[in-house]
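Report on the following structure.
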Amino acid sequence: MIGKAYTFEVSQLMSPEMGTINQVYLSQVQESNDEYFINIDGKIFHFVKDTNLANSKIYLNNAQREFLQTTLQQKITGNMVLKSKFQPISLVRINIEPVNIGMRTADRKELIEIFKTTYVNFPFNIGQIFYFFTEELTFKANITEMLVSKESSAGFLDKKTRIFFTTTSQRLTMTGADEDSALLRSDFSFEEMGIGALSNEFNIMFRRAFVQRIFDTETIKKLGIPHVKGILLYGPPGTGKTLIARKIGTLLNAKPPQIVNGPEILNKYVGQSEENIRNLFKNAEKDYATFKEKSPLHIIIFDELDAIFKTRGSSAASSGIGDQIVNQLLSKMDGVEALDNILIIGMTNRPDLIDKALLRPGRFEIHIEIKLPDEKGRLEIFKIHTKSMKNSGYLADDVCLEELAKLSRNYTGAEICALVKSAASFALERKVRKAQSSSDKENEFTSARNDCKKQVLNSKISNLEISDQNAKLVAENDVIISMNDFISALDEIKPGYGYDESEFSLYTKVYYELPIFTHAFSQIQTYISKLRGTSAYTSSSFLLYGPPGSGKTNVAVKAALASKFPFVKMISPKNLVGLSENEKVNYIKEKFIDAYKSQESLIILDEIESLIDFVSIGPRFSNNILQAIKIFVKNEEKNKLFVIGTTSEKELLVECGIFDCFYGACEVGFVSKDDFSELCTMNSDFNSVKFTNPVSIKNLLSKCNTPPKAFN
């Protein structure tokens, strides 16, 4: 709430004692300084009411007039603003210069204690100039940097505010702990900042990249260890890499980071892209020239790093601009005049595309994978995104976030955010339908009334009344988001690293518990159980072979879905239609790489002979695809992967060497006479089929006079 506006004439202070604290003096105002600050030309000040002062005047010292760019006897306007509108300052950096003549020494710890005692609950502005007094010294202070939780140019000091004093004066020597010695704030909360499931990654980053910067430069020189200059964050989209970039300035007691989106570096003019890279380092170079080893840390963050720092020589462009940008960054990070006061954080979904020279020690030497959140991490993310709902009373009592965290396996942070929004949309839609239902009943009455009215104007007025009533109904604060809304949202929002039920719906319609199927199914389940229960290996596989139409794919899908693995994908020949050989290899590779990102995953390789382009006439097959499949079936990564293969050409797979790559194999053969008798018992529709010789289940289904009922 903005209070009354006042017009004042600028006057100088009545006594020197009035200038010892950064506040302005007024006389005739109604508001109390317990509830209000005064806003003068967008700058916020603490004020003191003194009835002994002249009316319609505001008393400012020299520094305040300099900051407001005003002069004595000038008319200025001040608005009263509620203190509750402002957020506490989390970090403030103040540059001080001594007013006293001669060489001076000041202790940082003592300055911080005096400053906090004097100015707790006082407002400050970025760029503010004011005088700061101790018992012996007077300083002219300038706020050079300030961090407020809600991005703002003003805030108020509280007991938790981190204060850092710096100086550029040659006449002042500052003693005590270095202002950047505590790089990680001790009072931060990941939940308050909207960060969930990333605390371990932050801890690794700070331990490896920042811990040595806490110590004095002499200790680091004696140890002979250079500072880390680069961190690479990589992982699936939506896991929080960019979120880290937005929040890292709040976490660190360092200069606010420069955040650069990769494509912003590029420019159409020759040499301008390289200059854009050089410009990122100018402030760090200037500070290093002035302060040397005591220079504050400068953080540069590159989002979508792979967009501009691709492997040199990989681009078909004749200009070679991408190569030149890579060369420029290499020289800045680890060249002849490399700086020690920089840290570059790069983020990418595709680390394989980045030039390898950038990834070696001395450059981006720390590689941190931002993984899919586990159950604990998902619970943290749910708490963050439902916090406002809960505090506002919109979240129903039956909503169990722990249960939602269990049900949302392999959801990224971005997908959980989308899930919460989807759940809210169900509740809002329900509210709108309820409002429309109430409005329809009201319309019945108003329609009868409007028929009696003869003037068009009256009709328009009544329509406006109805519209207002409808808007009021929708605006009522009784929107409740229930557990059912979240369950509906889970069906609507599918994880990118999960499985889509519609993809397998064709294979789950009909399944009969015949021995040829149950035996294969139980064999696969046994191998999956062994994989889950062992730490000796992280991948396993099973091959189903048999004649075409024997039900191999159905058994594979049923076993895959029964495993309850969060990530299930099928690679079938229809996915590769129209792709070149290299594109097919890349498609298979990407599916397996995605699978490695999940803690547990399962991939079905359907019709392996078709995947490798086998043709019996010739014979012909693709050796590149064959080798890719062999490699990925045998490959082991950190997370557990199970591969189910199906084929109608067992002999071919034996000759090609794929058969031995699988841990186990089982035949899914024709339906025998005994199997057919059991089949007829399960479904009477098969009684219309004349059974002569063993035949595939697909053939039997096609011979039925009427489509058999689904049996699962």
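The values are calculated or read from the model by the stated rules, or taken from the named source; none is laboratory data. Every value quoted in this text rests on a predicted model; they were computed, and no experiment measured them. We place every Cβ from the backbone using ideal geometry, glycine too, and count neighbours over all the protein chains shown.
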### Task
Looking only at the stretch 702-709, decide whether some residue is outside the structural domain of Gly546 (by TED's automatic domain parsing), surrounded by 15 or more Cβ atoms within 10 Å (Cβ to Cβ), over 30 Å from Ile528 (Cα atoms) and more than 51 Å from the chain's Cα centre (by Cα).
no
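Can you say whether Asn582 is closer than 28 Å to Lys371 by Cβ, of a type in the set (S, T, N, Q) and surrounded by fewer than 22 Cβ atoms within 10 Å (Cβ to Cβ), as far as the supplied structure shows? Explain how you work it out, then say what you get.
Details: closer than 28 Å to Lys371 by Cβ: no; of a type in the set (S, T, N, Q): yes; surrounded by fewer than 22 Cβ atoms within 10 Å (Cβ to Cβ): yes.
Spelling it out, it is not the case that Asn582 is closer than 28 Å to Lys371 by Cβ, of a type in the set (S, T, N, Q) and surrounded by fewer than 22 Cβ atoms within 10 Å (Cβ to Cβ).
Among the residues of the stretch 678-695, which ones are more than 57 Å from the chain's Cα centre (by Cα), assigned to a helix (DSSP H, G or I) and hydroxyl-bearing (Ser, Thr, Tyr)?
As a first pass, look at the stretch 678-695 and keep what is more than 57 Å from the chain's Cα centre (by Cα): 687-693.
Now drop any that are not assigned to a helix (DSSP H, G or I), which leaves 687-688.
Residue satisfying the conditions is Ser688 alone.
Suppose we keep only residues that are among the hydroxyl-bearing types (Ser, Thr, Tyr) and modelled with pLDDT of 90 or more within the stretch 395-440. Which one would you say is nearest to Pro237 (Cα to Cα)? Can you show your working first?
Residues of the stretch 395-440 that are among the hydroxyl-bearing types (Ser, Thr, Tyr), as a first pass: 408, 411-412, 422, 425, 437-439.
So of that shortlist, the ones also modelled with pLDDT of 90 or more come out as 408, 411-412, 422, 425.
Working: Ser408: 17, Tyr411: 11, Thr412: 8, Ser422: 19, Ser425: 24 Å.
Among those that are among the hydroxyl-bearing types (Ser, Thr, Tyr) and modelled with pLDDT of 90 or more, it is Thr412.
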### Task
Only residues that are at pLDDT 85 or above and closer than 18 Å to Lys43 by Cβ: list them for the stretch 137-172, please.
Lys140, Ala141, Asn142, Ile143, Thr144, Ala154, Gly155, Phe156, Leu157
### Query
How many residues are in a helix (DSSP H, G or I), surrounded by 20 or more Cβ atoms within 10 Å (Cβ to Cβ) and among the basic types (Lys, Arg) when one looks only at the stretch 356-399?
1
### Task
Examine the stretch 334-351 for a residue that is of a type outside the set (Lys, Arg), part of a helix (DSSP H, G or I), within 28 Å of Lys286 (Cβ to Cβ) and at pLDDT 90 or above, and state whether such a residue exists.
no
### Message
Residue under question is Ala54, and the condition is that it be surrounded by fewer than 17 Cβ atoms within 10 Å (Cβ to Cβ), small (Gly, Ala, Ser) and in contact (Cβ under 8 Å) with a residue 40 or more places away in the chain; does it hold?
### Response
yes
### Message
Among (1) surrounded by fewer than 22 Cβ atoms within 10 Å (Cβ to Cβ); (2) touching a residue at least 12 places away in the same chain (Cβ under 8 Å); (3) not assigned by TED's automatic domain parsing to the domain that holds Leu243, there is one condition Gln324 misses while meeting the rest; what is its number?
### Response
(3)
### Residue that is in a loop (DSSP other than H, G, I, E, B) and more than 17 Å from Cys656 (Cβ to Cβ), where the choices are Glu583, Glu590, Glu637
Glu637
#### Entry: Close pairs (6 angstrom Cβ cut-off, 6 or more residues apart or separate chains): over 14 Å from Gly42 (Cα atoms) in the stretch 67-88, among the aliphatic types (A, V, I, L, M) and surrounded by 13 or more Cβ atoms within 10 Å (Cβ to Cβ) anywhere
Leu72/Val10; Gln74/Val10; Gln87/Val148
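Please work out if Glu651 is in the same structural domain as Glu607 (by TED's automatic domain parsing), of a type in the set (D, E, K, R) and touching a residue at least 40 places away in the same chain (Cβ under 8 Å). Before the answer, list the steps.
Numbers: in the same structural domain as Glu607 (by TED's automatic domain parsing): yes; of a type in the set (D, E, K, R): yes; touching a residue at least 40 places away in the same chain (Cβ under 8 Å): no.
No.
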### Query
Considering only the stretch 56-90, how many residues are of a type outside the set (Gly, Ala, Ser), in a loop (DSSP other than H, G, I, E, B) and over 21 Å from Asn121 (Cβ atoms)?
6
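Scanning the stretch 648-668 for residues that are among the small types (Gly, Ala, Ser) and crowded, with 16+ Cβ neighbours inside 10 Å, which turns out nearest to the chain's Cα centre (by Cα)?
Just the residues of the stretch 648-668 that are among the small types (Gly, Ala, Ser), to begin with: 648, 657, 664-665.
The next check asks that each one be crowded, with 16+ Cβ neighbours inside 10 Å; those that pass are 648, 665.
Details: Ser648: 45, Ala665: 42 Å.
Looking at residues that are among the small types (Gly, Ala, Ser) and crowded, with 16+ Cβ neighbours inside 10 Å, I get Ala665.
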### Query
Any idea which residue in the stretch 196-234 is farthest from Ala357 (Cα to Cα), counting only those that are out of contact with any Ser or Thr (no Cβ under 9 Å at 6 or more places or on another chain) and part of a loop (DSSP other than H, G, I, E, B)?
Gly196
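For the structure I just gave you, tell me whether Ser540 is surrounded by 16 or more Cβ atoms within 10 Å (Cβ to Cβ), assigned to a loop (DSSP other than H, G, I, E, B) and of a type outside the set (D, E, K, R). Break it down into steps so the answer makes sense when it comes.
Numbers: surrounded by 16 or more Cβ atoms within 10 Å (Cβ to Cβ): yes; assigned to a loop (DSSP other than H, G, I, E, B): no; of a type outside the set (D, E, K, R): yes.
Spelling it out, it is not the case that Ser540 is surrounded by 16 or more Cβ atoms within 10 Å (Cβ to Cβ), assigned to a loop (DSSP other than H, G, I, E, B) and of a type outside the set (D, E, K, R).
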